Amino acid sequence: MGCIQSFRQCCDRPKNTNVRISLPAVCFVWQIAMIILFGIFIRYNEESDAHWIEHKTSKNISSNIENDYYFRYPSFQDVHVMIFVGFGFLMTFLKRYSFGAVGFNFLIAGFGLQWALLMQGWFHSLDPMDGKIKIGVESMINADFCVASCLIAYGAVLGKVSPVQLMVMTLFGVTLYAVEEYIILSLIHARDAGGSMVIHTFGAYYGLSISWMLYRPNLDQSKHRIGSVYHSDVFAMIGTLFLWMFWPSFNSAISDHGDGQHRAAINTYLSLAATVLTALAISSLSQKTGKLDMVHIQNATLAGGVAVGTAAEFMLMPYGSLIVGFCCGIISTLGYIYITPFMEKYLKIHDTCGIHNLHAMPGVIGGIVGAITAAAASEDVYGKEGLMNTFDFTGEWKEMVPTRQGGHQAAGLCVALCFGIGGGIIVGCILRLPIWGDAPDNSCFDDEIYWELPEDEENNPPTVEYNNHMRNKAV
Amino acid sequence: MGCIQSFRQCCDRPKNTNVRISLPAVCFVWQIAMIILFGIFIRYNEESDAHWIEHKTSKNISSNIENDYYFRYPSFQDVHVMIFVGFGFLMTFLKRYSFGAVGFNFLIAGFGLQWALLMQGWFHSLDPMDGKIKIGVESMINADFCVASCLIAYGAVLGKVSPVQLMVMTLFGVTLYAVEEYIILSLIHARDAGGSMVIHTFGAYYGLSISWMLYRPNLDQSKHRIGSVYHSDVFAMIGTLFLWMFWPSFNSAISDHGDGQHRAAINTYLSLAATVLTALAISSLSQKTGKLDMVHIQNATLAGGVAVGTAAEFMLMPYGSLIVGFCCGIISTLGYIYITPFMEKYLKIHDTCGIHNLHAMPGVIGGIVGAITAAAASEDVYGKEGLMNTFDFTGEWKEMVPTRQGGHQAAGLCVALCFGIGGGIIVGCILRLPIWGDAPDNSCFDDEIYWELPEDEENNPPTVEYNNHMRNKAV
Amino acid sequence: MGCIQSFRQCCDRPKNTNVRISLPAVCFVWQIAMIILFGIFIRYNEESDAHWIEHKTSKNISSNIENDYYFRYPSFQDVHVMIFVGFGFLMTFLKRYSFGAVGFNFLIAGFGLQWALLMQGWFHSLDPMDGKIKIGVESMINADFCVASCLIAYGAVLGKVSPVQLMVMTLFGVTLYAVEEYIILSLIHARDAGGSMVIHTFGAYYGLSISWMLYRPNLDQSKHRIGSVYHSDVFAMIGTLFLWMFWPSFNSAISDHGDGQHRAAINTYLSLAATVLTALAISSLSQKTGKLDMVHIQNATLAGGVAVGTAAEFMLMPYGSLIVGFCCGIISTLGYIYITPFMEKYLKIHDTCGIHNLHAMPGVIGGIVGAITAAAASEDVYGKEGLMNTFDFTGEWKEMVPTRQGGHQAAGLCVALCFGIGGGIIVGCILRLPIWGDAPDNSCFDDEIYWELPEDEENNPPTVEYNNHMRNKAV
């Protein structure tokens, strides 16, 4: 702790928020790198290549409709909306950081998905024949998933970092994600269709660790800007609702064709519905006169979707989904009321969007629910073939049994936690270097720093008065 | 009328808007009841169960793509957006009730869809073999449909009721809906793919009757809050457009695979396009200088989608759809100009969102159009098999003929009307009891009552100054 | 130029913005004309007709899922969202023209799509057997595409024209579109899946030419209204993001079943991602302190989707898409910084939304990229059948070779340019007639002219002052 403290002090030089060189440089260099790497490595897979017709004949596929595109593209589009509108608008709640919320979200996602295609491709879809990565609609979904974990992390540091820091955070975040995903899904053979562990647990602890490393003791100077105005809360509800509505697509996007996708959508739909009621209930209970708090409605109502992620494709049963949603609505709302202030005060972790309550805790719960559900699986419930399909007990995992699968699921959760916390601490150290153009403590949560702002009439009362004056004169 | 009046007076005690006990209690108890009932009754259907593979083999289904999920899931997602973003944002137009609009909409829908799965399941998909309700993607769509009728009803009482009242209204609304739906679709064998009768007519008259029972003679005290501000009108347009755009999915979501869904989408698309033009035209005509009124654009442009609901899957023909849309745009806009003020003044029905113009009248028109189109159906136009398929002349309805089907459609409309008006009056009586925490007459349409509001700089200048003062002191 | 000048002067009479007669008249008459023409000409095609079952049997189609509806409906819905929410909200950025942006967008699209179904039907899907136009889901997508070109044109004249002018502009725009589309796609046999040429190049030059013809030398009088406020910029981001996210669906909506749609989606996805980075980089570079400009983020980030339109279904390769996006992000942003002011000052073309940077230049680039990619196509890359399918070398075009196809693509681009500029000048002349009710120079970009505005507290400072006064008294 002492060494961290001294490192912190060494980094606390006066801030220069001019990113005119660094931001364009990072964008250009990295984008050019992407083009070169894509040129070397990335090609269409057989379902998106013009040779599809020949492939179709050779594989005896009867119709174009069996192209994976038609199984997954609607889900992809829903996930895509969650990434850009969902996460982007969810973070617009701050009164003067809406541009940064939606704009930097856009930047992170735009870069992250390219890098994710490469990183995930190297691990998962490298064609041994020609050394190329073959991409299709499933790769696009996976890239969006990977980006989601970085956007979750952004939630913790919202308003306190520069766009250059965000790019660095995304670069490392995507890299770490691809590695942990490979370990969890391929080496450990855990299942995680909706990414409770791989996306949410990892992303949230990654962000929280970074936020811890970047702790600003004097953030009080910007405290008056942490808060919403009436209309910024309505904007944030756009984000909430698009996340909430499309979460069934998120959790079912890459699960098995047929019953797998179908079941994942149903489970998520139910879990989220239950969360709405308990989140509202706790929110109302927490106030003297039973008033509701928009922060809870905007965030805690989503916890059920996170927590049902891993088990969504399993035979969790409809009531099981409701129970998961029920518990998470309570825990997440209580988190906003008690844990977030506690973490800020005692653990020195400032969590702007409360991702600990929305992603970290529900993600861990999701991992545990997944482990239990997997361990409890039986041929009775799944059918012989169903069990094999759902848990992918094929190839080298042919001898796997559900109880052991439960253990593997738990192991996967641990890996996600380790990568999140460990990776976050290391990346946080890097981001403390005084070269990234982040804002001084008294200018956090302010779009003024990185955006040309319109001259709002509301914000410049002198101008308004002046105008009125002129108008009156004219009359 | 006398007895109603006296009942009204007995209920008019001083209001206590503290819902700190009642709202959480209702949410928790009902959610726990849902979990128990789901545990007892609800299971996956054969297309979402892990036994799908065996089912597929036994039914000789060649590919996973023939799982109902792939026929209906994209439509389901569109319907889902209509329910949460469409209805939610449509109601944000009030200057100080946006939180209540979108937040309580969220609550109603979150609870309603669970209860709807049960109620509709008992009537429609109870498996006689094991006494379980089997759910799949179509059940989710139907649950969303059912919720839509309650959200329509919410439009009439927006800003005048407490969240606890809304929960009660939803509980009864869903129950009534399931019964009338069963009578109309199963007993009477009327067809109603887009729910002109079942959803819109029922929902609107249900809401209007409740609003009538809850009439507040002194609502004038809150009159200054009934109205929009510039940006709240733009928010409401988000709701309008998502409803408008996805209405073709709404009307085609549960119609027949293949041509049925295809035709329903086309008819709705056309009808809505025509409505836009006539709604605008009447709106412009109604003002001295031809200015347009946002209320009409936000609402009346949707009437064509309501009115084409029942007949959408029939061979209404493209020009038929245009005619329906043409008429409804006119009638709905005229409704906003003449009928809503009339109803408030003379019938003592205050209709905040004008659902009478958007859902009630177009719903009835839709029922009539459906009856006429059905009665006029012929083997010439539909083909022998087409006629049988479209109107489901199978099983015990094998001997049905189109002309008689027209009569059955008309009977269905009457049932929807009776259930809406009758049910609304009874539920309205219950909601008048002075125990639900609704707002006093001078605090309607105000989020202040049920929501923690952000301290807006624009709205509370004294408060802000005070805060700044305190902050400066602290520093 | 002299004659144009004198024509201009002759048209510059005092303005009367009362559209109470003209707007309803146009809406009613044209809508009735639509009904009549639809009655005469438009019928369901075989996939949306109730005879589908018989058709299915006769064509040996094994399952309902092979109805074109299931291939294209999800894409259609995404395109639909782009047209109404995407274009509509993208234009809400002006501080006092959000109603006009989203409302007139709605009007144009509502009328345009009906007229487009007819015009495109006459050229493309007239059934020679019975002289009827047969419509299905693909017709709906094409109609939306056609409308897109008119909405692009609207971007150039936003805030400066009356709704009646917009209707006229749409009537001619759709007509011209249908003709140029027929020439480019059918006569010249150019391929243009995403419409870089047909939609964007044509639409943008059509709008710019009209804006040139309608040039207002004294527009400075409304200059203070050209600009955004904080929340109007956030609204515009809704438009941006829905366009950005759904652009892969736009470019793949009508491309070939199977690999064609799949590849088009991937290419567009990648191109757009690259554009985000370079648009941000140039935006940051252009400001002294590296601040970002919302105008660039809202618009230039979309240029990659435009430019990849023609080549999206070709084997452009993933890195090719990135390169296209990379260049367009730079060019488009530079356009906003340098070309738009230049055009206004020296060419007398005022371009409110900067469509020259977002649609015109990227559209032309897209046409060129398409020509090059087509010319470079080989059997090696596409496979024999793949080449034939992708470029539709069938029927009378059986002997076509890629190099010649490249020439045809270039010819298509020229046709689009000619129709856009030529058509725009002619229609612009018509729109200068002093009968359309457009606003005087000092009332442009103001919703006040055509909309009943709510009495905003912010806009009526006397009221606010009065309220404050009252509040202070109360304290």
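Every number here is computed from the coordinates shown, using simple stated rules; none is lab data. Predicted model, so just to flag it, every value in this text is computed and none were measured. No Cβ is skipped: glycine too gets one built from the backbone with ideal geometry, and neighbour counts run over all protein chains shown.
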If I model a spin label as a point 7 Å beyond the Cα along the Cα-Cβ vector, how far apart are those points for A:Leu347 and B:Glu385 in nm? 6.3
With -39,500 (n - 2.57) per DSSP H segment of 4 or more residues and division by the full residue count of chain A, the 222 nm estimate, nearest 500 deg cm²/dmol, is -20000 deg cm²/dmol
One decimal, nm, nearest first: from A:Tyr338 to the same residue in each other copy, label points 7 Å out along Cα→Cβ, the values are 6.2, 6.2
Quick check: net charge around B:Val308, other residues with Cβ under 14 Å of its Cβ, Lys/Arg +1 and Asp/Glu -1? 0
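Within the set A:Lys384/B:Lys132; A:Lys56/B:Lys56; A:Lys132/C:Lys59; B:Lys56/C:Lys56, which residue pairs have Cα atoms separated by over 31 Å?
Numbers: A:Lys384/B:Lys132 23 Å; A:Lys56/B:Lys56 22 Å; A:Lys132/C:Lys59 40 Å; B:Lys56/C:Lys56 22 Å.
The answer is A:Lys132/C:Lys59.
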Tell me which lysines have Cα within less than 21 Å of C:Lys223's Cα, excluding those fewer than 8 residues away on the same chain? A:Lys473, C:Lys15, C:Lys95, C:Lys160, C:Lys345, C:Lys348
Only Cα pairs under 8 Å and at least 6 apart count here; give the relative contact order of region B:1-432 as a rounded whole percent. 20
Average beta-carbon neighbours from other chains, 10 Å sphere, peptide B:224-230: 5
Rounded if a/c is under 1.5, else prolate if a/b beats b/c, else oblate: with a ≥ b ≥ c from the C-alpha gyration tensor eigenvalues square-rooted, which is region A:31-140? oblate
If you take the C-alpha gyration tensor of the protein assembly as shown, multiply each eigenvalue by 5 and take the square root, what semi-axes do you get, largest first, in whole Å? 39, 39, 38
Teacher prompt: A:Asp130 distances to equivalent labels in other copies, 7 Å Cα→Cβ, nm: 4.8, 4.8
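What shape does chain A have by the C-alpha gyration tensor, where a ≥ b ≥ c are the square roots of the eigenvalues, rounded means a/c under 1.5, and otherwise prolate means a/b greater than b/c and oblate the rest?
Numbers: a/c = 1.68, a/b = 1.44, b/c = 1.17.
Prolate is the answer for chain A, as a/c is 1.5 or above and a/b outweighs b/c.
For C:Arg20 and C:Ile40 in the same chain, what is the full-extension length gain: residue separation times 0.36 nm, less their Cα-Cα distance, in nm?
Values: separation 20, 0.36 × 20 = 7.20 nm, distance 3.08 nm.
Contour length minus Cα-Cα distance gives 4.1 nm.
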Hydropathy at least 0.0 by Kyte-Doolittle, axial extent at least 15 angstrom from the Cα trace: which helices of chain C, defined as entire DSSP H runs, fit? C:22-41, C:98-124, C:137-157, C:163-181, C:202-213, C:230-252, C:259-285, C:318-334, C:361-375, C:402-432
Within 10 Å of each Cβ in peptide A:315-321, how many partner chain Cβ atoms are there on average? Round it to a whole number, please. 6
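Say R0 is 22 Å: what FRET efficiency, to the nearest 0.05, do B:Lys59 and B:Trp122 get from their beta-carbon distance?
Working: r = 26 Å, r/R0 = 1.18.
After rounding, the FRET efficiency stands at 0.25.
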Rounded to the nearest Å, the spacing of the alpha-carbon centers of region B:127-177 and region C:353-397 is 50
Can you tell me which aspartates and glutamates have their Cα less than 13 Å from the Cα of B:Lys288? Leave out same-chain residues fewer than eight positions away. C:Glu452
Within region B:206-283, DSSP-loop trypsin sites (Lys or Arg not before Pro) with at most 14 other C-beta atoms within 10 Å are none
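Count, for each residue of B:239-247, the Cβ atoms from other chains sitting within 10 Å of its Cβ, then give me the mean as a whole number.
Numbers: counts 0, 4, 12, 3, 0, 6, 9, 3, 0.
Mean partner shielding for this stretch: 4.
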For the rotation that brings chain A onto chain C, whose beta-carbon in chain A is nearest the axis, and what is that distance in whole angstrom? A:Pro74, 3
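Counting other Cβ atoms within 10 Å, keep those with at most 11, restrict to DSSP loop, and tell me which trypsin sites (Lys or Arg not before Pro) in region A:333-407 are left. Don't jump to the answer; show the numbers that get you there.
On the way: sites: A:Lys345, A:Lys348, A:Lys384, A:Lys398, A:Arg404; in loops: A:Lys348, A:Lys398.
Here the sparse-neighbourhood loop sites are A:Lys398.
Within region A:93-172, report the trypsin sites (Lys or Arg not before Pro) that DSSP leaves as loop and that have at most 11 other Cβ atoms within 10 Å. Show your work: numbers first, answer last.
Details: sites: A:Lys95, A:Arg96, A:Lys132, A:Lys134, A:Lys160; in loops: A:Lys95, A:Arg96, A:Lys160.
Sparse-neighbourhood loop trypsin sites (Lys or Arg not before Pro): none present.
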Reduced Cα scattering model of region C:200-291, Debye log10 I(q)/I(0), q = 0.14, 0.15 Å⁻¹: -0.88, -0.97
